[in-house]
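Quick note: the coordinates plus some simple rules give every number you see, no bench work behind them. It should be emphasised that the depicted structure is a prediction, and the values quoted were computed from it without experimental measurement. No Cβ is skipped: glycine too gets one built from the backbone with ideal geometry, and neighbour counts run over all protein chains shown.
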């Protein structure tokens, strides 16, 4: 008997899940003998459902943060069930990287194909992530640009928001060691990603694939105000890798020590850390994909 658990974050997507829930139910009814729906109400619910699931497939209706919680639970299972994604968050980087449509009805159609891809999962100290670890504010600055500002100012809106974040942020000192590289110094932004898409920008790490067993690291020098806006513009244009002052490389494992505890962006969620050990667990998570 095939069983499916559907985990819904009701706070994602402005409650739009009610519009497409009948279509999701219809599709799953043709694939599974038993379907159960549960809803996250507070932080940690996704981990609980992922850890205690007894099903062949789990479908997550939510964004990268909800998916990350569920995956942190799934990684405690002896048998990891297939994961289906109905993107309902703000950024949806994992869905973008897997070419899963952001339109929920089209994403539901992906489940019909039964195409499963085994992708990498990142481990940050004792927890797991599915997309991103960033130290510094530019990804958040790009993410926070209001739609009204985009319409009125175009790319200039990203420039000014990046500059605004740079005014509030202090650089940090770091020491970094990986399996193939070591460096230290001061920076205003370090980005580590398993995917090509960061904060919805599909050209951040253009050669990254979710199943290549590596993550990409981009280390920026210290910057202030206008320089931050300049980097934002280069990222959006897909030309940041041409900047010689920005160090870029790929690795399977890295240790990063900061001079003091610093704010982190982990899959869109704010955390704090000082000593970070990050590694890739290759091709461990089976995910429904359009690829």
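See the values below:
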| read-out | value |
| --- | --- |
| Which of 75, 176 has the fewest Cβ neighbours within 10 Å, and the rest in rising order | 75, 176 |
| Compactness of the range 211-288, expressed as Rg and Dmax over alpha-carbon positions, Å | 15.1, 43 |
| The range 207-250: relative contact order as a whole-number percent, Cα under 8 Å and 6+ apart | 56 |
| Of (i) 28; (ii) 34; (iii) 22, the label for percent of Cα pairs over 31 Å apart derived from the coordinates | (i) |
| Helix axis angle, 64-74 relative to the chain longest principal axis, alpha carbon, degrees | 60 |
| Among 92, 243, 54, residue whose mean-square fluctuation peaks in a GNM of the chain (springs only between Cα atoms under 10 Å) | 243 |
| When the range 80-120 is reduced to its Cα atoms, the Kirkwood hydrodynamic radius in Å | 10.7 |
| Of 91, 60, 116, the one that fluctuates the most in a GNM where the chain has Cα springs shorter than 10 Å | 116 |
| Proportion of all alpha-carbon pairs of the range 1-122 beyond 17 Å (%) | 52 |
| Ranked list, fewest to most other Cβ atoms within 10 Å of each Cβ, for 32, 204 | 32, 204 |
| Taking 214, 209 and counting other C-beta atoms within 10 Å, the order from fewest to most | 209, 214 |
| Relative contact order %, the chain, counting alpha carbon pairs below 8 Å whose residues are six or more apart | 21 |
| Hydrodynamic radius (Kirkwood) for the range 1-59, which is based on Cα pairs only, to one decimal in Å | 12.2 |
